[in-house]
Amino acid sequence: MKKNTEKKCNIGMSNLITNYNLVYKGSKLGEIKDLIDELKNKQYTFTIIPEEIIYMNNGIKYYYIEAESKDSKVLINAYGSEAEELFKQVHERSFFGN
């Protein structure tokens, strides 16, 4: 899995936005589970959890979630098999409404 991390700081605000792009690179999918566990353990609230995997125009599967804490926001974008795994991890754990 390629973890492309992009961090942005809002000017004049203390909130930090972190963007993870998960792209299949043949690595272990357990890393997604670990990432979700880490966010949950750090008291993040999952604020956007789509109910379905999206298929992009080129046929590639896409899924995303958003999580927030009092000081930061995390966006996770996943493609291909990572999209399936992210969907599975979030929905199996019933993070809806935390």
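The values are calculated or read from the model by the stated rules, or taken from the named source; none is laboratory data. These figures come from a predicted structure and were not determined experimentally. Cβ coordinates were reconstructed from backbone atoms using ideal geometry, including for glycine residues, and neighbour counts include every protein chain displayed.
Here Ala83 meets the list (1) in a helix (DSSP H, G or I); (2) out of contact with any strand residue (DSSP E or B) (no Cβ under 8 Å at 6 or more places or on another chain); (3) modelled with pLDDT of 90 or more almost entirely, failing just condition (2).
Here is a check on your reading of the model: is Thr18 hydroxyl-bearing (Ser, Thr, Tyr), surrounded by fewer than 16 Cβ atoms within 10 Å (Cβ to Cβ), at pLDDT 70 or above and in contact with a Lys or Arg (Cβ under 9 Å, 6 or more places away or on another chain)?
Working: hydroxyl-bearing (Ser, Thr, Tyr): yes; surrounded by fewer than 16 Cβ atoms within 10 Å (Cβ to Cβ): yes; at pLDDT 70 or above: yes; in contact with a Lys or Arg (Cβ under 9 Å, 6 or more places away or on another chain): yes.
Spelling it out, Thr18 is indeed hydroxyl-bearing (Ser, Thr, Tyr), surrounded by fewer than 16 Cβ atoms within 10 Å (Cβ to Cβ), at pLDDT 70 or above and in contact with a Lys or Arg (Cβ under 9 Å, 6 or more places away or on another chain).
Just to verify a result, which residue in the stretch 39-79, among those that are basic (Lys, Arg) and surrounded by 14 or more Cβ atoms within 10 Å (Cβ to Cβ), is nearest to Glu92 (Cα to Cα)? Don't jump to the end; show me each part of the working.
Filtering the stretch 39-79 down to residues basic (Lys, Arg) leaves 40, 42, 61, 70, 73.
Checking which are surrounded by 14 or more Cβ atoms within 10 Å (Cβ to Cβ) leaves us with 40, 61, 73.
Numbers: Lys40: 14, Lys61: 19, Lys73: 22 Å.
That would be Lys40.
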